[in-house]
Structure formats: structure tokens, C-alpha cells
Number of protein chains: 2
Amino acid sequence: MKPLVNRMDLLTGEVPSGATVVIRRASDMKGLYQNRVALEGLIKAKDPVVYQVYNVAVPERNGELQHCVSIIYPGKVGDEYFMTKGHFHARRDTAEVYLGLRGKGKLLLQTEKGEIEVLDMFPGSILYIPPYWGHRTVNVGDEPLIFFAIYPGDAGHDYQTIEAHGFRKVIVERDGKPVLVDNPNYRPST
Amino acid sequence: MKPLVNRMDLLTGEVPSGATVVIRRASDMKGLYQNRVALEGLIKAKDPVVYQVYNVAVPERNGELQHCVSIIYPGKVGDEYFMTKGHFHARRDTAEVYLGLRGKGKLLLQTEKGEIEVLDMFPGSILYIPPYWGHRTVNVGDEPLIFFAIYPGDAGHDYQTIEAHGFRKVIVERDGKPVLVDNPNYRPST
């Protein structure tokens, strides 16, 4: 493989060429929000894009580095903010690094044992997601949340564990502010 | 290890806490520039900082991710721009990713066989350094060149190979512009 350079727009997060884009609309987020009625209403109204990810393709091999730009748009489903699905790495002992570039967010982290951490994301935030921590990103501001993410080439994705159990906590808006509350639909591993 | 967040200043590149800083002055760059007289003059005058790197410490283990912010200051030694020492990874089959945040630079890349590539660095540039490519960064602008870099936890550094052989090319200023020229001091591997 030859060295390569791509260009991201630091304001919009877009990578016009050299990357593939994954778009997640409200209709892709079924089962992930508490307020199903609000989600159905949103889907029927205009099914907005909740987030999109620009991936630069590299070999899925140990020693290589996957990297992408994520843009989470501002918005809510009921009182829950727009967020990513959240996942573990298929290879659990792999880390991930985020660099926050624009907007205001929360990084929600959880181990399979149910430990929880929440970190702030802001322009210039350097976040380290150590091995074994599942992660979800939440836009708690009113502009796009844009960040650059890097993870090992052979990390892989496991979305099923989060889909099956959920996160123990959710981030909702209360009196105009983000608040961490228990997720009534959390199903702990037995 | 717990998840963690650090703060970088996107304008200056500084990471005020949570990172260790490596400072390379002109006196640390002996043998790397063609014009030794110019380098000695610079050292005697004020021995300026050529570049500095803020490293966030994580375990040096496969699956983890080293990450750092590099700042290369504007300046020249004779007609050669301020630049990093340049290195290979000790574990050759590991990649590196850069995200350009400020300034104007060139990324000079070379394999052990002597293949050369040069890529532009600019705000929003996403650069991929594939496995087996040694790399050096050069500030060809008149403001600090700031970029975020990520590489595998077990990549390691090999500075000796570059010190012993040099890069085949150097980047010099000609009529106010950066130009790639042959390095008369390049010593190819036999």
C-alpha cells in the first residue's frame, strides 16, 4: 500500500473523496431509544440523518489503523439526544482514540461487567478508550459533533452485545441540560 | 486502565496536563542538516526549539494506541526547513495516522529499499503512513505546523536507521518555495 492523503473539511466534517460514508437515519436506530413513539414520529416526518461516518479503507490487519470522521447531528428523540449505536470491538483487547474537533458531546463507556464512565467531548478533547470498554457518542449541543477516530486494523465491531443488553445509563435533556439517568431497559449480562 | 480525556489547545498545539513533552532543539539535530555551519550558528545564537511532541502515556502493548500532538516551529537551517528527526517503527509492519490541524507541511516517506513519497500536510489533511514506510515531517510554512498522530501501542521507534542512512531527498527553499532535491549525504543500504 502506498502512503495517502485525504482532505476533511474541519467545519462540516465531510471527506469529499477517498472515503466511504455510512449514514444512519432515525429508521436505523430502532430499539435504541426509550421513546418509541417519538422515534416513529421522527421517521414518518422526515427520517433525519442522526449521524454519518467517513471511513478511509485500509486492510483489516494487525499493525494497520482504521480511521474515520464521525458527524453526529444535533437533535433528540423524545428527551434523548442523537447518538451513535454504540459497540464493543470484536477483538476486545483493542483501544480507540478520539480527537474532538467541533461541538459538545458526551462519550458513554461501559465494560461487559457493567462499569460506566462518561467523558466530555469538545474541540481539542483527546479521548482514550482503553481495551474492553464499549462506547457510544452523544451530541448534547446544538451544532454538529465532529470527531476523528482511530482504532487497530484488526479490532472489528460487535454491535450485538449493545443491542442485546443496552447501556446501563442514558443521557437525556432535563431543564435544557444533559443528565445521566438509569436506563430502565438495561438487561445485564447474567 | 480507565478511559481518559485530555485537552489540547487547537491553536498552539499545547497539551497543558496529562501528557509528557519531548523538546528537540537545534542542538538535538546535529548530523541531520546539510549545512553544519548554519546549524552551529543557530545553536550558538539561541538554540531554538525546532519541534516538540506531547505524548499521552499508554501501555506499549499490542491493541493499545500511542497518540501525540506534534508542533514543528517555522524556521530554517541554511535553506533546509525545520523538520523532525524522522524514524521507522521498530516493529516494521505497523502504520501511523496523522491529522493535520494547523500550518503547511510536507510528509517525507521512504522505504528501506529507498522508495520515496512526499505528501502535503494542511489543516484537515488525513495522512496514512502504511507499514514499512519511514517518515519525517517538514514545516514549509511560516506558522507552527501542528498535527495529531496515532500509532500502534507496540510499534516502537527506530531512529538509528535514518541516522545511519539519511533520507534520499531533502526539502529546501528555492525562490521562496519548497523544493525536493537529492540529498548528497544519502548512504543507501547495501
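With label points defined 7 Å past Cα in the direction of Cβ, position B:ARG168 shows copy-to-copy spacings of 5.6 nm, given to one decimal and shortest first. Shape of the range B:40-127 from its Cα gyration tensor (a ≥ b ≥ c, root eigenvalues): rounded if a/c is under 1.5, otherwise prolate when a/b > b/c, or oblate? Note, shape of the range B:40-127 comes out prolate. For A:ASP142, inter-copy separations between label points set 7 Å beyond Cα along the Cβ vector come to 4.0 nm, shortest first. Ranked by the mean number of other Cβ atoms within 10 Å per residue, highest first, peptides A:19-28, A:48-57 order as A:48-57, A:19-28.
Averaged over peptide A:63-72, the number of partner chain Cβ atoms lying within 10 Å of each residue's Cβ comes to 5. Rounded to the nearest 0.05, the FRET efficiency derived from the C-beta distance between B:SER27 and B:VAL181 at R0 = 22 Å is 0.30. Which whole number in µm²/s is D for the protein assembly as shown by Stokes-Einstein, with the Kirkwood Rh taken over Cα pairs at 25 °C and 0.890 mPa s? This corresponds to a translational diffusion coefficient of 112 µm²/s.
Among the GluC sites (Glu not before Pro) in the range A:110-182, those placed in a DSSP loop whose Cβ has at most 15 other Cβ atoms within 10 Å are A:GLU112, A:GLU115. Greater than 28 Å separation of Cα atoms is the criterion. Which listed pairs, A:LYS106/B:LYS104; A:LYS106/B:LYS85; A:LYS2/A:LYS104; B:LYS46/B:LYS85; A:LYS44/A:LYS113; A:LYS46/B:LYS2, meet it? From A:LYS106/B:LYS104; A:LYS106/B:LYS85; A:LYS2/A:LYS104; B:LYS46/B:LYS85; A:LYS44/A:LYS113; A:LYS46/B:LYS2, over 28 Å: A:LYS106/B:LYS104; A:LYS106/B:LYS85; A:LYS2/A:LYS104; A:LYS44/A:LYS113; A:LYS46/B:LYS2. Between A:ASP79 and A:VAL37, the contour length at 0.36 nm per residue exceeds the Cα-Cα span by 13.9 nm. For helix A:36-45, report the angle its Cα long axis makes with the longest principal axis of the Cα atoms of chain A; keep it between 0 and 90° and round to the nearest 10°. In chain A, helix A:36-45 runs at an angle near 60 degrees to the longest axis.
Of the trypsin sites (Lys or Arg not before Pro) found in the range B:93-157, those that fall in a DSSP loop while having at most 11 other beta-carbon atoms within 10 Å are B:LYS113. Could you run the Debye sum over the Cα atoms of the range B:20-182, one equal point scatterer each and no solvent, and tell me log10 of I(q)/I(0) at q = 0.10, 0.13 Å⁻¹, two decimals? Those come out to -0.34, -0.59, one per q. Across identical copies of the chain, B:ASP79 has label-point separations of 6.9 nm, listed in ascending order, with the point defined 7 angstrom from Cα along Cα→Cβ. Per residue of peptide B:150-156, the mean number of Cβ atoms on other chains within 10 Å of the residue Cβ is 4. In chain A, the beta-carbon sitting nearest the axis that superposes A on B belongs to the residue given here with its distance in angstrom, A:ILE150, 2. Using only side-chain charges placed at the Cβ, +1 for Lys and Arg and -1 for Asp and Glu, the dipole size of the protein assembly as shown relative to its Cα centre rounds to 60 debye.
Read-outs throughout are calculated quantities, based only on the coordinates presented, and are distinct from any laboratory measurement. Note that this is a predicted model, so its numbers are computed, not measured. Please note: Cβ atoms are built from the backbone with ideal geometry, for glycine as well, and neighbour counts cover all protein chains shown.
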